[in-house]
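Shown next, in structure tokens, is the structure this report addresses.
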Amino acid sequence: MYKNIIILLSLFFVFSMKSQISLEGNPNFRDITNTYLVRQGNTTVNIKDVEGSQFLNDEFQYGFIIDIDQNNKAKTFLRYNVYKDVFEIKFDLNSESLKQLERLPKYQYKLNNEKFVLIQDDIINDQHYISGNGYVVELTPPKDVAVLYKRYYKKLYPGRKAQSSYQKDKPPRMKDGVKYIIKFGDEFKIAEDHRKRILDAFPDHKKEIRKYIKDKKFKFRGDDKEIQNQMIQVVRYYNSLVD
């Protein structure tokens, strides 16, 4: 029994080392720097002077990089910079070296039980980040007629200098946000988490969806998880109508 355990542990170690070597030798990696500097208009702001965080989670966590072309994945340390919309990668948690993979749809990321995929559409653009593509969390199966995504975003509000000795300087601050996007074929639509405005995203079956929302007593209020679950159920219902 103990011999079998040792063999299994050895195989796991070998597999992990192969994944690590494969990652480090990938030509699509590049080094990144200045992760603590953000742009605000024509100026650069040190993130240490900003209230709030530009990251989904400040600490690096174990996650997976998925190469869908090669049908494989590798475990490594990841951190999602929401404001800059990039995944920061560390092969060694104690290293200062930061890596980033080229922004290609073939690369997906699994972090905190959420799968991030790259979609390519101008609907993803933010005021400070205009790229025509961006990372979203895939919430429903990608082969469905309507596919629901969640987009994390961060908005940077400018600071303000005190106008008198009776006031204090107001530092710049980051505010968290989430928006939902539905893909119909090759078209992307913003879906507002609101019991009436969500109907604007759907090309048809609005009457049935309105009744479904009313019957389910969805208010799209509460915590993020509750709202997300209601959005998922509405999109699943729509797919049941068009299948």
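Looking at this model, which pairs from 189/214; 73/150; 155/189; 90/168 are more than 31 angstrom apart at the alpha-carbon?
90/168
Specify, per residue and in Å³, the volume enclosed by the convex hull of the alpha carbon atoms belonging to segment 80-137.
Cα-based convex hull of segment 80-137, divided per residue, equals 94 Å³.
Taking the Cβ-Cβ separation of residue 190 and residue 215 as r and a Förster radius of 25 Å, what is the calculated FRET efficiency to the nearest 0.05?
Given R0 = 25 Å and the Cβ-Cβ separation, E is 0.55.
With Rg and the Kirkwood Rh both taken from Cα atoms, where does Rg over Rh land for segment 80-223?
On the way: Rg = 19.2 Å, Rh = 18.0 Å.
The Rg/Rh ratio comes out at 1.07.
Determine the sum of side-chain charges near residue 50: Lys and Arg each +1, Asp and Glu each -1, restricted to other residues whose C-beta is under 11 angstrom from that of residue 50.
+2
Enumerate by residue number the trypsin sites (Lys or Arg not before Pro) in segment 158-243 meeting two conditions: DSSP loop (anything except H, G, I, E, B), and at most 13 other Cβ atoms within 10 Å of the site's Cβ.
161, 168, 196, 217, 219, 221
Mind checking segment 78-151 for GluC sites (Glu not before Pro) that DSSP puts in a loop (not H, G, I, E or B) and that have at most 16 other Cβ atoms within 10 Å? If you can, show how the numbers build up before the last one.
Numbers: sites: 88, 96, 102, 114, 138; in loops: 96, 102.
Of the GluC sites (Glu not before Pro), the ones in loops of segment 78-151 whose Cβ has at most 16 other Cβ atoms within 10 Å are 96, 102.
Separation between the residue 53 and residue 71 pseudo-spin-labels, each 7 Å from Cα along Cα→Cβ, expressed in nm?
Label-label distance for residue 53 and residue 71, simple model: 3.7 nm.
Points 7 angstrom from Cα along the Cβ direction at residue 31 and residue 123: gap in nanometres?
3.9
Which chymotrypsin sites (Phe, Trp or Tyr not before Pro) does segment 101-205 hold that lie in a coil by DSSP with at most 14 other beta carbons within 10 Å?
166
Read the figures in this text as sums done on the coordinates, not as results from a lab. Quantities reported herein were computed from a predicted structural model and do not represent experimental measurements. Quick reminder, even Gly has a Cβ in these numbers, built from the backbone with ideal geometry, and neighbours come from all protein chains shown.
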